[in-house]
Every structure is written in C-alpha cells, then in structure tokens.
Amino acid sequence: MFTTIRYLRCLPSSNLRCHFSSLKKIWGRRKIDNGKFSIVEPGNISDPQPVPDYIAKPSYHLTGEPIERIEIPEVKNSVQIVKMRESCKLAANVLREVENYIKVGITTDDVDEFVHNLIIRQNAYPSPLNYKLFPKSVCTSVNNVACHGIPDDRMLEDGDIINVDITVYYKGYHGDCSKTFLIGNVDDLGKELVAATEICLNDAISICKPGRKFNAIGDAISQKAKSLGFTVVPAFIGHGIGHYFHGPPDIFHIPNDCPGEMKAGMTFTIEPVLSCGGKEIVVLEDGWTAITLDSARTAQFEHTVLITNAGVEVLTESQK
C-alpha cells in the first residue's frame, strides 16, 4: 500500500499536480487505442470512517507523520516474523473478502467502508487512514488511475478494472497487499494487462533469496513486461515494511543500479504497475491520485515477502 513515488524522468518536469480538466484537453488532441473502458474522473469524497478508541493505532494516526526512522533494511528476528505473518495474513484475508464483494454498481466509497469495517472487526487499524493525511482507509485505482486512487462516489461500471490496495496495522505491524479485479465484462486488452501484471509480480518473487541483489527484481519485471507487450510505470516502487509502514529497501520495478542485497529475515513489498500505453503519470491536485498522462489503463499487484534461509515466503498469499 502507498507505493512510494519516486519522481524519475518518467514524470513531467513541471506541474506535477494538475487539474483534471487540463488533462482532458490533452487527451482530446490524441488518438490512442487503449481498449474499451471509461476514463475515470475524480468524484466526491466523503468523510473518513471512524476508528474506535480501543483499536491500537500507528504513530501517524493523529498528525499524519510517522515517527519511525529506519535507515537500513531491517533483518527481523523470530518474534517480529511471527507478527509480520499475522498482519499479512489478515491483509490477505481482507483482500479475499473484497473479491467476493466487489461488483458493478457499488461505489469505491462503498469498498472503503466495507474494507474499513472488516479491518476494525479484526481489532486492526487500516494503515492508509491519515498516513501523510490520506483521507481514506484503502486505495482504489480504477482504469487510468495508476495508483493512490481516493475512494469516492463513482460507481463501478461494466468493463472497469480496479486495483484495491489493502494495508492493516495489527499487533504493532503492517501487512500490505493488492490485487487488480475485473468488473463485469472486461475487454481482451484489459484482461491481458491484468494477467501480465500478476505474471510479472510472480516472476520477481520467484528469484528472491538470500544474496540476491535488490535490483534483480527490476530486471526481472521489466524483461517480462516487455515480452508480454506492456510498459512498466517506473514512478512507483516497493518498500520495506514492519512496525513501520514504509522503510528501506526501495524496490524498483525497472532496471537500476541501486545497491544492496537480500538477507534472511528481511520483509518488503513488490508491487509493479503496468500500463497499456506510456510510462508517464501525473498527480492530480488532491496530492494523491496518480493517473496516466495518455489515459491508458494500468494494473497493479502486490505482495509482502519474507526472505528466508531457503529462499522466499509470500506472507500475503491468500489462504482459501
């Protein structure tokens, strides 16, 4: 959740926060075949869901600013790993429930309320809520929204694809995962994009092990995405996670020369965003919603992984 944005060359050099109306003028001058879908416009945002007093809360729940300062990738001990397994299992279970709930006609605000209540009932806190002042309990990114979509009153339509990004804070630790869902009758290109993104994530996970360089993940994802005919959006990266929501290492999904290697006991997310079109994104004036500059659809999948002595364990694998 909350894929860290790195302002790389993929981003426009100026006016990163744009009015949606100005982008519509750009799209009107372009002829791009990105398949059959509705371009998403920002809707009306309701008030945040309440959190009961008895729920344990992260450091940022009042101010929006986390107090944890993690300088190097953390190698967790056995006690911490047990807590990570618990929080990640909960996040995965919530995401599985979303799959059974989500459908044409509900709003992304409905998804937010559903997720929020599920998490609270498990005596956990929805990690996105008020993190860096994010106003909701989950991110819902539909069609051309690449990441950090704010739930609002837009109804899901037949043919939409939507990424739902779940993070929970449970017993002092965060668990983070996401999935892109098909809503109703999605066209072939949309289906292919979603399938390709999950393949890229799984390929990246499969190479993880002690001694592997972090930057090998970017090579694996970019090569697979290219072979499948899609573009990696480089602005979004994975991150270390634990009692902190975000920390080192930074996990880039494109070729890079960032230093560092995996060690047993490390936990981090891998969360590639793939596009049917170009790699450029722009952040809207709300400071969160990241959309594709060419209005192309994107998909994203995410897991939290643990590096083990034997290789890798996917902590957010859904248990059916």
Residues (open to solvent by 30 Å² or more (accessible area, probe 1.4 Å) and either modelled with pLDDT under 95 or out of contact with any helix residue (DSSP H, G or I) (no Cβ under 7 Å at 6 or more places or on another chain) (or both)) located in the stretch 110-155:
ASP110, GLU113, ASN117, ARG121, ASN123, ASN130, LYS132, LEU133, PRO135, MET155
Picking from THR180, THR140, THR167, which residue would you name as being without any contact (Cβ under 8 Å) to a residue 60 or more places away in the chain and within 16 Å of the chain's Cα centre (by Cα)?
THR140
Close pairs from the stretch 207-231: first over 26 Å from PRO73 (Cα atoms), partner open to solvent by less than 60 Å² (accessible area, probe 1.4 Å) and among the charged types (D, E, K, R), Cβ under 6 Å, at least 6 apart
LYS224/ASP203
Can you confirm whether PHE2 is modelled with pLDDT under 95, in a loop (DSSP other than H, G, I, E, B), among the aromatic types (Phe, Trp, Tyr) and under 18 Å from ASP176 (Cα atoms)?
yes
Among the numbered criteria (1) open to solvent by 10 Å² or more (accessible area, probe 1.4 Å); (2) under 18 Å from ILE45 (Cβ atoms); (3) not basic (Lys, Arg); (4) not in a loop (DSSP other than H, G, I, E, B), which single criterion is violated by ASP203?
(2)
Quick check: anything in the stretch 259-268 under 27 Å from LEU182 (Cα atoms) and either crowded, with 21+ Cβ neighbours inside 10 Å or more than 16 Å from the chain's Cα centre (by Cα) (or both)?
yes
Within the bounds of the stretch 127-145, is there any residue that is assigned to a loop (DSSP other than H, G, I, E, B) and of a type in the set (Ser, Thr, Tyr)?
yes
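The values are calculated or read from the model by the stated rules, or taken from the named source; none is laboratory data. Computed from a predicted model, the values in this text were never measured in an experiment. Neighbour counts are summed over all protein chains in view; Cβ atoms, including those assigned to glycine, are modelled from backbone coordinates with ideal geometry. Please note that ligands, DNA and RNA were not included when accessible areas were found on the heavy atoms of the full protein model with its side chains. Shrake-Rupley method; radii C 1.70, N 1.55, O 1.52, S 1.80 Å.
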